[in-house]
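In what follows, a structure is listed as structure tokens, so that the remarks can point back to it.
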Amino acid sequence: MTQLIAGNWKMNGTLDANVALLGALAAGLGPQTPAQVAVCIPAPYWAQFRVLAAQHPGLKAVALGAQDVSAHASGAYTGELSAAMLKDFGCRYAIVGHSERRQYHGETDAVVAAKAQQALAHGMTPIVCLGETLEQREAGQTFEVVKRQLAAVIHINGHCINEIVVAYEPIWAIGTGKTASIEQAQEVHARLREQLKAASAQAERIKILYGGSMNAGNAAGLLAQADIDGGLIGGASLKAADFLAIIGAAR
Ligand code: 13P
């Protein structure tokens, strides 16, 4: 399957810095790339992305993504952004359940599943993030934790899970420079694939991305694994040369 390389800019960017980063990305990408590419950028810059994408042929193949979406459709939820709003701005993807949202904003498995449902209902692809803490890994609970997180999403989304993307992001590997080893990542991905297979006859086409200190140096090894279908890239997506190198390593 075509791999997906998605950048998660997190809370980074300025109008000027975005022009430089997206311009460099456009210059380095042809109108077509073998991999699918997305950038999940802060909401205030979605309009800017659309203007730049109209100017740069190199951004034609780059999809826009959000970093979160509300679990509610509309109404009195101050500060929240609805799936309909994401759709209005041309978002193709919405990250849901990133560990930073689970940790700092108290998002539960049920809330994450409802967010995925909102994205799906509006024709977008939720990138559902899962992952264990270092403490959980050391206690031998990795499979149990990611299984529970994914099960919540499968439970309320039924056959629609064929349209999701899963991202395995071990929390201890995020922003730490400590990547999961190729074996550790593939092992968890294979388990997630089994779980998806039990829920869907089309599980082979559901992308499972790896995230956590993926960079230009380690991307090729990770992306060569049977059950690793792409990457969710934090820090390295903020440097055009690094992000382009990761895209170049994808198939
Ligand atoms: P880093 O690539 O900076 O470790 O971040 C990974 C991540 O959290 C992507 O969502």
Does any residue of region 96-103 turn out to be surrounded by fewer than 18 Cβ atoms within 10 Å (Cβ to Cβ) and either modelled with pLDDT under 95 or hydrophobic (A, V, I, L, M, F, W, C) (or both)?
no
Residues to consider are Ala180, Ala226, Ala216; find the one that is over 16 Å from the mean Cα position of the chain (by Cα) and more than 15 Å from the ligand (Cβ to nearest atom).
Ala226
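Condition check ((1) modelled with pLDDT of 95 or more; (2) of a type in the set (Gly, Ala, Ser); (3) in contact with a Gly (Cβ under 7 Å, 6 or more places away or on another chain); (4) within 14 Å of the ligand (Cβ to nearest atom)) across all residues:
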{"position": "His155", "(1), (2), (3), (4)": "yes, no, no, no"}
{"position": "Glu163", "(1), (2), (3), (4)": "yes, no, no, no"}
{"position": "Lys197", "(1), (2), (3), (4)": "yes, no, no, no"}
{"position": "Gly221", "(1), (2), (3), (4)": "yes, yes, no, no"}
{"position": "Ala250", "(1), (2), (3), (4)": "yes, yes, yes, no"}
Can you name every residue in region 196-210 that is closer than 20 Å to Glu144 by Cβ and buried (at least 18 other Cβ atoms within 10 Å of the Cβ)?
Leu196, Ala199, Ile208, Tyr210
Part of a strand (DSSP E or B), in contact with a Leu (Cβ under 8 Å, 6 or more places away or on another chain) and of a type in the set (A, V, I, L, M, F, W, C): which single residue out of Val166, Val146 fits that description?
Val166
Restricted to region 150-175, and to residues that are surrounded by fewer than 17 Cβ atoms within 10 Å (Cβ to Cβ) and within 17 Å of the chain's Cα centre (by Cα), which residue is nearest to Tyr93 (Cα to Cα)?
Asn162
Would you call Gln195 touching a Leu at 6+ places or on another chain (Cβ under 8 Å), among the polar types (S, T, N, Q) and assigned to a helix (DSSP H, G or I)?
yes
Top-ranked residue in region 41-61 [being touching a Leu at 6+ places or on another chain (Cβ under 8 Å) and not in a helix (DSSP H, G or I); ranked as farthest from the ligand (Cβ to nearest atom)]:
His56
Can you tell me which residues in region 204-250 are of a type in the set (Phe, Trp, Tyr) and within 22 Å of Ile164 (Cα to Cα)?
Tyr210
For region 120-132, indicate whether the set of residues that are within 16 Å of the ligand (Cβ to nearest atom) and surrounded by fewer than 20 Cβ atoms within 10 Å (Cβ to Cβ) is non-empty.
no
Out of the residues in region 229-245 that are within 9 Å of the ligand (Cβ to nearest atom) and among the aliphatic types (A, V, I, L, M), state the one that is nearest to the chain's Cα centre (by Cα).
Leu232
Starting from residues that are of a type in the set (A, V, I, L, M) and in a loop (DSSP other than H, G, I, E, B), keep the ones in region 106-143 and report whichever is nearest to Ala71 (Cα to Cα).
Met124
Taking into account only those residues within region 26-38 that are under 21 Å from Tyr210 (Cβ atoms) and not in a strand (DSSP E or B), which is farthest from the ligand (Cβ to nearest atom)?
Pro34
The number of residues in region 81-105 that are farther than 18 Å from Lys10 by Cβ and not in a helix (DSSP H, G or I) is 4
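The values are calculated or read from the model by the stated rules, or taken from the named source; none is laboratory data. Keep in mind that this is a model prediction, so the values were computed, not measured. Glycine gets a Cβ as well: all are built from the backbone with ideal geometry, and neighbour counts include every protein chain shown.
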